[in-house]
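All remarks here apply to the structure that follows.
Just so it is clear, none of the values below were taken in a lab; they were calculated from the coordinates. This is a predicted model, so every value here is computed, not measured. Methodologically, a virtual Cβ is constructed for each residue, glycine included, from the backbone with ideal geometry; neighbour enumeration extends over all protein chains shown.
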């Protein structure tokens, strides 16, 4: 697992193995008035509706961690939120496994929710991760994100 | 603890004692592609900025549980989400303690996030809970919610 | 003017249970009372006026644990609750 | 046309490391190559054209692990990466 964070306000983890969202949150959670969390899991089907064998997640080590840190920093500042946690899987994932966890703490609920949602979108569109669906022994790289 | 839920899709808990959000989530979580969670905690200050001794939460037993169930049902349907969990504290809470947990599972991230946020607002404005701030031995009932 | 029955006087068939919550309890000095249903078609708004606790606006009304309009007619045996603005979550 | 150096031929001072990811790896049949910096002012877009992997649009460029414009001049020793559209999260 690669973990980075310039200070206590941002924690970024890239994990090659399955993880528990609840353990990750429990280790990280502070006492802020508002926390918003998003969890994304592998769907059981491919985009074409076929049964998914596995989802492969590739990333660009180095750039990816730095980019996540930068995106989290920008979003915290933009929304006036306090702390952010980003955990992202790489490697081979099975249906139902966690892909991503984004958590944001703030003093107000609206700010925490908007920051969490915007950080998730930023991560999906601006961090160097790539998904490949495996079905029937064939791998297909996805060409874009699922719709919001 | 009072727990109700007409089927597997909605779980509502009113709890008189401190609870762990992460245990509650771990017991409840399914394998949906998208989960959005909100956690609200007691602030260390009163609305007037004084150090808070405790936050008292009163509710109307019976109506409250039924109302939460109804609000969750409406919001799941409105957003096309799959499952909802609402856990709400009552009694005397200390600064930093969890007041509320709202979690929603859906097939799409936008849907999960919007449903979680709308269910939280519905709960704040339409469920019979009341907060009283204690400072310096004096209790003051709040007259409205904190801004979004 | 408020008619109050002591517990030993309760005649369930002809009284309402009235519940107050939160700041309304403090204002009234009580949480629960039984009051006689003195007339057919009595409404929550009329009971509220008898309680002399200020204007009804921003107070919600529940009858038998269901939120209702304040002009809904009441029946003997009903549980009537007056609820100040909600501040949960 | 692509110039490739075998590891024993590497002259770090005068080559670029070029990295491909995801679908670009499949398309090219390789993940990483060293190519000589043949001219001053060489840009990522010019290297891309040499690779003959299709149009550059929708491909992001990173130099030394920083996202940059494709017309940024390269220097010997740079790590140049071509990144297809991101699909994480």
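Quick look at the values:
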read-out: Sequence ranges A:45-55, A:106-116, ranked by mean other-Cβ count within 10 angstrom, highest first; value: A:106-116, A:45-55
read-out: Peptide C:56-69, shielding by other chains (average Cβ, 10 Å cutoff); value: 2
read-out: Cα pair distances of chain A binned at 10 Å [whole percent]; value: 12, 42, 33, 12, 2
read-out: Inter-centroid distance (Cα atoms) of segment B:56-129 relative to segment A:53-83, Å; value: 29
read-out: Packing-based ranking, highest mean first, of B:60-70, D:45-55, C:21-31 given that Cβ atoms within 10 Å are counted; value: B:60-70, C:21-31, D:45-55
read-out: Cβ-vector label at 7 Å, residue A:44, separations to other copies in nm; value: 4.7
read-out: DSSP beta bridge pairing in the protein assembly as shown, given as percent antiparallel to the nearest 5; value: 80
read-out: Label distances, nm, residue B:16 versus same residue in remaining copies, Cβ-directed 7 Å point; value: 5.2
read-out: Inter-copy spacing of residue C:67 label points, which lie 7 Å from Cα along Cα→Cβ, given in nm from shortest upward; value: 4.4
read-out: Peptide B:25-37, shielding by other chains (average Cβ, 10 Å cutoff); value: 6
read-out: Cα gyration tensor shape for the protein assembly as shown, rounded if a/c is under 1.5, else prolate or oblate; value: prolate
read-out: Segment D:15-83 - convex hull of alpha carbons, volume per residue in Å³; value: 75
read-out: Cα-based shape type of segment B:62-111, given that a ≥ b ≥ c are square roots of the gyration tensor eigenvalues and the cut on a/c is 1.5; value: oblate
read-out: Ellipticity estimate at 222 nm from DSSP helix runs (n ≥ 4, -39,500 (n - 2.57)) divided over the protein assembly as shown, nearest 500; value: -7500 deg cm²/dmol
read-out: Calculated over segment A:1-82: convex hull of Cα atoms, volume per residue (Å³); value: 141
read-out: Fraction of antiparallel bridges per DSSP, chain B only, in percent to nearest 5; value: 85
read-out: Average partner coverage of B:140-146, which counts Cβ from other chains inside 10 Å; value: 6
read-out: Antiparallel bridges, percent of DSSP beta bridges restricted to chain D (to nearest 5); value: 75
read-out: Calculated FRET value between residue A:20 and residue B:136, using beta carbons and R₀ = 35 Å, to 0.05; value: 0.25
read-out: Additional length obtainable on full extension of the chain from residue D:53 to residue D:67, 0.36 nm per residue less Cα span; value: 3.1 nm
read-out: Closest approach to the D/C rotation axis among chain D Cβ atoms, residue and whole-Å value; value: D:89, 14
